[in-house]
Amino acid sequence: MKLEKSHLSANKTIQISGSKSISNRLLILESLFNTIKIGNLSNSQDTQLLKKALSENTEIVDIHHAGTAMRFLTSYYSIQDGKTTILTGSKRMKERPIKNLVSALQNLGVDIEYMENEGFPPLKIKGRKITKTTVDVPANISSQFITSLLLIAGKLENGLEINLVGEVTSRSYIEMTLDILTKFGIKNSFTGNTIKVEPFDEHSSLMNYEVESDWSSASYYYSICALGRETLHLKSFYQESTQGDSAIAKIYEKFFGIKTIFSENEHQITLQPDPNFSYPEKIVLDMNDCPDIAQTLCVTASALHIPFEISGLGTLRVKETDRLLALYNELKKIGAETEITDLTIKSVSFGEAEENISIQTYQDHRMAMSFAPFCLIKELTIEDEDVVEKSYPMFWEDLNTILVKN
């Protein structure tokens, strides 16, 4: 897709669909307990794939590229007593490690086999009743492994105690899960590195849950405002959000002068650039709690030639692609030389962007959307633009409503 050099229209409003992270958690709880009605469900491909898998009674479940679905369903099928499920996915999914989650479930007594390579999908899961009450899980792995266990914990007759070993990664996502469990009526506690979840009283009445819009998706509009310096409005966002990526509001105010004004009555936020803002000499930031918005920030900083040093990015190596390597490669095209390690990315120098920029997306939705705002600086092409369907199918249509070609 070619994005012509454009400028940002002032005071446009965008409605983003429900958070994928919240929607996927609620779908598992809905299937386990049948006492919840979900509103504003995410229209992302990941959520639709998970919903489809939960509605079908088949032995082979293929979740394609949906990493969240793979992790959440691994635990979900583990407690379907007497049911055998083969859980598989795309070629890339078969390269994404899942051993720590599988080991935790095996230690709880579940029968799970690797059908191809040790530590990776596809999996053969023989569901059974779990009676053990404690399990140790490495804390510096994907928070989705931990969330996967938390979502089934209330269904276990004795509940579950999870001991997190080591430094906790993406704590905000774990806290989001626990907040959802609390609202759902499942009692829990998180003290030190120990999480306890009590068994759920399934006689509770039906509850309605309206899903907040997705802050990860909002991040691209913060980038657009930072580059376009015009006001934008986004609907269905809350000031007291449990989404880790809501950190984007404070980050972009501090480093790019984009103020977030909350309208509680309308559940709307206004992104307002500060015309008198002075850019920092350097951005130094630990994004351990919000790694999914790191790509967006790196592109914004590179476009504005603001030096940056971002840490806490260990999980980006095992996402849809190796996101750190992908950033290293593609930032060069917009004039930014960087250095990467397993945990960090930092700028080295800024120069001129390539004459004909073509951004490779590596089957990663966030690569496509994080680089799109650069069209406010220079024309560029986004390869394989359909990857956005994974999390934000309407992105290109929404983007088109707020940009005006120069």
Conditions (1) surrounded by fewer than 23 Cβ atoms within 10 Å (Cβ to Cβ); (2) of a type outside the set (Asp, Glu); (3) outside any helix (DSSP H, G or I); number of the one not met by residue 269: (1)
From 146, 174, 180, which residue is open to solvent by less than 30 Å² (accessible area, probe 1.4 Å), under 20 Å from the mean Cα position of the chain (by Cα) and more than 30 Å from residue 342 (Cβ to Cβ)? 180
Of the listed residues (98, 60), the one being of a type outside the set (D, E, K, R), outside the structural domain of residue 391 (by the TED database) and under 29 Å from residue 242 (Cα atoms) is 98
Kindly evaluate residue 156 against the criterion of being surrounded by fewer than 22 Cβ atoms within 10 Å (Cβ to Cβ), closer than 16 Å to residue 76 by Cα and either at pLDDT 95 or above or hydrophobic (A, V, I, L, M, F, W, C) (or both). yes
Please state which one of 235, 250, 282 is surrounded by fewer than 16 Cβ atoms within 10 Å (Cβ to Cβ) and free of Cβ contacts under 8 Å to residues at least 24 places away in the same chain. 250
Checking residue 190 against (1) in contact with a Lys or Arg (Cβ under 9 Å, 6 or more places away or on another chain); (2) more than 20 Å from residue 23 (Cα to Cα); (3) surrounded by fewer than 17 Cβ atoms within 10 Å (Cβ to Cβ), the condition it does not meet: (3)
For region 353-383, give me each residue that is in contact with a Leu (Cβ under 6 Å, 6 or more places away or on another chain) and open to solvent by 10 Å² or more (accessible area, probe 1.4 Å). 376
Cβ-Cβ under 8 Å pairs, at least 6 apart or on other chains, region 355-370 side closer than 16 Å to residue 297 by Cα, far side part of a helix (DSSP H, G or I) and open to solvent by 40 Å² or more (accessible area, probe 1.4 Å): 365/389; 368/385
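Sort out for me the strands (runs of 3 or more DSSP E) sitting completely within region 177-255 that have 1 or more residues that are within 19 Å of residue 300 (Cβ to Cβ).
232-235
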Could you say whether any residue in region 340-350 is within 18 Å of residue 280 (Cβ to Cβ), surrounded by 21 or more Cβ atoms within 10 Å (Cβ to Cβ) and hydroxyl-bearing (Ser, Thr, Tyr)? yes
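The values are calculated or read from the model by the stated rules, or taken from the named source; none is laboratory data. The structure presented is a predicted model; accordingly, all values stated were derived computationally and were not measured. Backbone-built Cβ (ideal geometry, glycine too); neighbour counts: all protein chains shown. Please note that ligands, DNA and RNA were not included when accessible areas were found on the heavy atoms of the full protein model with its side chains. Shrake-Rupley method; radii C 1.70, N 1.55, O 1.52, S 1.80 Å.
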